[in-house]
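No lab work stands behind these numbers, since they all come straight from the coordinates. Bear in mind the structure is a predicted one, so any value in this text is a computation, not a measurement. Please note: Cβ atoms are built from the backbone with ideal geometry, for glycine as well, and neighbour counts cover all protein chains shown.
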Amino acid sequence: MDRLVKVEAAKLELHFRPSYRCTATFKITSLIHTMPVAVKLSTVRPTSYSFSPDAVALLPPLSSAVFTLVLLPTASPPLVSPPDVVVVGTALAPALQRANSAALRHFFSRPALPLFRDASLPIHLIGPHSLRSLLLGSGSTSSLLASIIPSCTPPELSAALLLAAGDSSGGNAVSSLLSAGANPNSRPAAGGRSAISLAVSAGCAEAVEVLVKAGATDRPLNEAAAVNRTDLILFLLAESDLGLDWADMADADGRTPVHAAAAEGSVDALRLCLSCGGDPERTDARGWTPLHYAAAGGHLEATSLLIKSSDFNPRLAVTRGVKWWLRRKTAFDIAVKKGHSHLFDILRPEDELIRAARCGKVAAVSASPLIDEAVLAEACLDQPVWESHGEAASAAALVNTGN
């Protein structure tokens with residue numbers, strides 16, 4: 001005889017909800033015709049789980065009983081791999097016709113008691129809260145994912161996809177979620193970044209490739225440039241119909257991949273963007289050029305590359321003030337404010353132009369190769385103008401003088 005009872009369950013699934021009492025029921029039937037069978041239930045974590053009506057019971061011959069596994073209220077699910085198990089231990093109890101819990105516990109405490117281990121039931125914590133907790137934790141495994149994913153709806157899987165995509169090692173989870181029905185183009189309910197955008201920022205090439213193959217339409221080149229992943233930039237371009245001007249494509253804030261690479265000092269990506277026609281002088285919605293961003297981040301190599309790649313002197317470009325009376329700033333001004341003293345020499349504008357502007361020598365300023373007619377026209381439209389050391393040398397001033 002290898003077992004005394006039959007358990008009508010192969011595993012126990014608890015639909016987890018934070019701070020709620022979660023339960024799963026199962027039935028145990030005695031296989032013995034002639035005498036009672038004592039049953040004892042246990043788990044690896046007795047502080048997390050309990051049993052109802054009790055963890056011990058006495059089954060008369062060929063009778064059945066229903067037990068309930070209870071997960072005590074907790075804020076997060078106790079996810080472990082391999083999962084916790086309910087161990088069903090049994091023993092023949094010919095002398096016990098009736099027994100209360102205390103008597104049964106005393107019975108099982110006997111040192112020489114022949115004890116059968118009739119079943120081990122894995123405990124699976126399922127539902128969207130378990131899935132979210134798993135993806136946010138550091139112990140994500142394919143076996144746990146496989147047990148949780150079938151219990152979630154497509155919208156719940158799509159929400160979880162955003163968590164998995166933001167993990168630098170989340171390629172397997174992203175693949176599993178997509179295979180189960182997650183939307184590759186999912187975004188947060190209130191708007192926000194797409195799954196592929198998060199995967200690119202996390203630098204997970206596997207997740208990016210899987211999302212593209214699943215139908216993700218976004219091509220987050222700015223994010224790829226920011227993390228200096230030229231391989232992801234080239235992959236996204238190969239999987240799109242973007243034109244040759246991709247390096248000048250701006251987001252909602254007017255930032256191009258050149259801005260993004262400059263802001264993070266991502267020199268390899270910056271060099272790729274510039275070699276493909278990216279404009280090192282383009283301004284965003286605030287009037288910031290890539291050089292402003294490089295200066296704000298204190299990135300010397302990116303700063304040098306941008307200056308060398310510009311057709312004019314980008315040190316003189318100033319930001320667009322939110323209000324007309326707010327002082328506009330050069331890249332040098334921003335470096336000073338941020339305390340990046342190692343950039344002062346390379347960003348300090350030429351003094352000749354400033355002296356000419358201070359002395360009212362309009363012709364000299366207009367003749368400077370650093371200012372052209374396009375700059376004068378931009379000044380009239382409240383576009384970026386040129387300053388140095390915070391002193392106005394604005395093209396608008398030149399126009400107002402009648403030159």
Original post:
For the pair Ala205 and Thr47, what calculated FRET efficiency results from E = 1/(1 + (r/R0)^6), where r is the Cβ-Cβ distance and R0 = 30 Å, to the nearest 0.05?
Top reply: 0.10
Subject >> Highest average packing first - 251-258, 238-245, 203-210, 20-27, Cβ atoms within 10 Å >> reply: 203-210, 251-258, 20-27, 238-245
Original post:
Normalised by the residues of segment 139-234, what does the relative contact order come to in percent, with Cα pairs under 8 Å and at least six apart?
Top reply: 25 percent
**OP:** Using only the alpha carbon atoms of segment 137-235, find the Kirkwood hydrodynamic radius as the inverse mean reciprocal pair distance, in angstroms to one decimal.
**Re:** 13.3 Å
**OP:** Compute the Kirkwood hydrodynamic radius of segment 5-125, taking the inverse of the mean of 1/r over all pairs of distinct Cα atoms, and give it in Å to one decimal.
**Re:** 15.0 Å
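Once you wrap a convex hull around the alpha carbon atoms of segment 219-314, what is its projected area averaged over all directions, in nm²?
Computing the convex hull of the Cα atoms and averaging its projections yields 5.4 nm².
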Subject >> FRET E, pair Ala65, Ser143, Förster distance 25 Å, beta-carbon r, rounded to 0.05 >> reply: 0.25
**OP:** Output ³J(HN,Hα) for segment 50-56: one whole-Hz value per residue in order, computed from phi by the Karplus curve 6.51 cos²θ - 1.76 cosθ + 1.60 with θ = phi - 60°, and x for Gly and Pro.
**Re:** 9, 10, 10, x, 6, 8, 10
**OP:** Report the net charge of residues surrounding Phe107, where surrounding means a beta-carbon distance below 14 angstrom and charges are Lys +1, Arg +1, Asp -1, Glu -1.
**Re:** +3
Subject >> Net charge over other residues, Cβ less than 13 angstrom from the Cβ of Cys204 (K, R count +1; D, E count -1) >> reply: -4
